[in-house]
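Written below as structure tokens is the structure these notes are about.
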Amino acid sequence: MTVPAFGVGTFRLKEQVVIDSVKNALEVGYRAIDTAQIYGNEAEVGQAIRESGIAREELYVTTKVWVDKLNKNDLIPSLKESLEKLDMDYVDLTLVHWPGPGTDIAEYMPELLKAKELGLTKEIGVSNFTIALLKEAGDAIGMEHIATNQVELSPYLQNRKLAQFMQEQGVQLTSYMTLAYGKVLKDETIIAIANERGATAAQVTLAWALQKGFAIIPSSTKRENLESNLKAAELILTQEEMTRIDALDCNSREANSESLAPEWD
């Protein structure tokens, strides 16, 4: 897959907090950073990257276009504005953040593809898209151009129909809220596996997602957690352990905006 398997998220992190988080993440080994226009932290993410001293070509930077810019007139100018804030010539991946009400996939997906052709972004994709919406996006520009669909996915919300469809279509699934806002870290099953393996509950959960073939973008304001989370890539769960975590699915969704959410699969 072209989208890195392990990145760091910046949702809800602002000002010096996000600068410190991104710097710490880069120092401990992360090379993929996820931000968005609506997060209001693109400038700070760019600052942290510049101050890290790591060469731009070694990094994979993702941003997301907000709903009010999903039209022919505003999408590309808004991405150029994001690049100015990030102080970059391009991002590696640009996503549609939410499908949003009153927007036209057939209008804005070609604009996103045009942004790629202009060199503003190396890859394009979507976020919070259902199977039906993915099909629409594929009809608009060709499914082969959609690098990923970033969706909420955790042991408590496994999105199996969508995940299977995306695998069949060759679209990478990027999981956000993989730890369900920390709720799964208190789960008895996950804690038991963690204790058996000498790992943390977060490592077990992230390892589960990685072994499913998903990309993940957990965030943290604590350097030790960022470092610890990264070690999840070294943890290989047994099939029995994977099955135990699979059994935790209860369709529990954390991100469900009444104004933005589609009718979920």
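The values are calculated or read from the model by the stated rules, or taken from the named source; none is laboratory data. It should be emphasised that the depicted structure is a prediction, and the values quoted were computed from it without experimental measurement. Methodologically, a virtual Cβ is constructed for each residue, glycine included, from the backbone with ideal geometry; neighbour enumeration extends over all protein chains shown. Heavy atoms of the whole protein, side chains included, go into the accessibility calculation; ligands, DNA and RNA do not. Shrake-Rupley method; radii C 1.70, N 1.55, O 1.52, S 1.80 Å.
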Residues of region 206-236 satisfying the condition of being within 30 Å of residue 15 (Cβ to Cβ), open to solvent by 40 Å² or more (accessible area, probe 1.4 Å) and not hydroxyl-bearing (Ser, Thr, Tyr): 222, 223, 224, 225, 227, 230, 231, 233
For residue 78, which of the numbered conditions (1) within 30 Å of residue 251 (Cβ to Cβ); (2) in contact with a strand residue (DSSP E or B) (Cβ under 9 Å, 6 or more places away or on another chain); (3) not aliphatic (A, V, I, L, M) fails to hold? (1)
Checked against (1) hydroxyl-bearing (Ser, Thr, Tyr); (2) more than 18 Å from the chain's Cα centre (by Cα); (3) closer than 22 Å to residue 108 by Cα, residue 35 satisfies every condition except (2)
Please find, within region 166-202, the residue that is surrounded by the fewest Cβ atoms within 10 Å (Cβ to Cβ) out of those that are touching a residue at least 60 places away in the same chain (Cβ under 8 Å) and of a type in the set (A, V, I, L, M). 180
So, in region 6-28, how many residues would count as being open to solvent by 40 Å² or more (accessible area, probe 1.4 Å) and within 19 Å of the chain's Cα centre (by Cα)? 4
Take the conditions open to solvent by 10 Å² or more (accessible area, probe 1.4 Å), more than 15 Å from the chain's Cα centre (by Cα) and modelled with pLDDT under 95 and apply them to residue 102. Does it pass? yes
Where residues in region 195-215 are in a loop (DSSP other than H, G, I, E, B) and on the phi < 0 side of the Ramachandran plot, which of them is nearest to the chain's Cα centre (by Cα)? 214
In region 25-40, is there at least one residue being over 17 Å from residue 221 (Cβ atoms), part of a helix (DSSP H, G or I) and either of a type in the set (Gly, Ala, Ser) or modelled with pLDDT of 95 or more (or both)? yes
Exception for residue 257 within (1) part of a loop (DSSP other than H, G, I, E, B); (2) surrounded by 14 or more Cβ atoms within 10 Å (Cβ to Cβ) falls at (2)
For region 58-110 the number of residues that are closer than 16 Å to residue 7 by Cβ and acidic (Asp, Glu) is 2
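Name the one entry in 69, 80, 64 that is modelled with pLDDT of 95 or more and loosely packed, with under 15 Cβ neighbours inside 10 Å. I'd like the intermediate steps shown before the answer.
Details: 69 fails: loosely packed, with under 15 Cβ neighbours inside 10 Å; 64 fails: loosely packed, with under 15 Cβ neighbours inside 10 Å.
That would be 80, the only listed residue that is modelled with pLDDT of 95 or more and loosely packed, with under 15 Cβ neighbours inside 10 Å.
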Would region 237-251 turn up any residue that is open to solvent by 10 Å² or more (accessible area, probe 1.4 Å), under 19 Å from residue 34 (Cα atoms) and either in contact with a helix residue (DSSP H, G or I) (Cβ under 9 Å, 6 or more places away or on another chain) or touching a residue at least 24 places away in the same chain (Cβ under 8 Å) (or both)? no
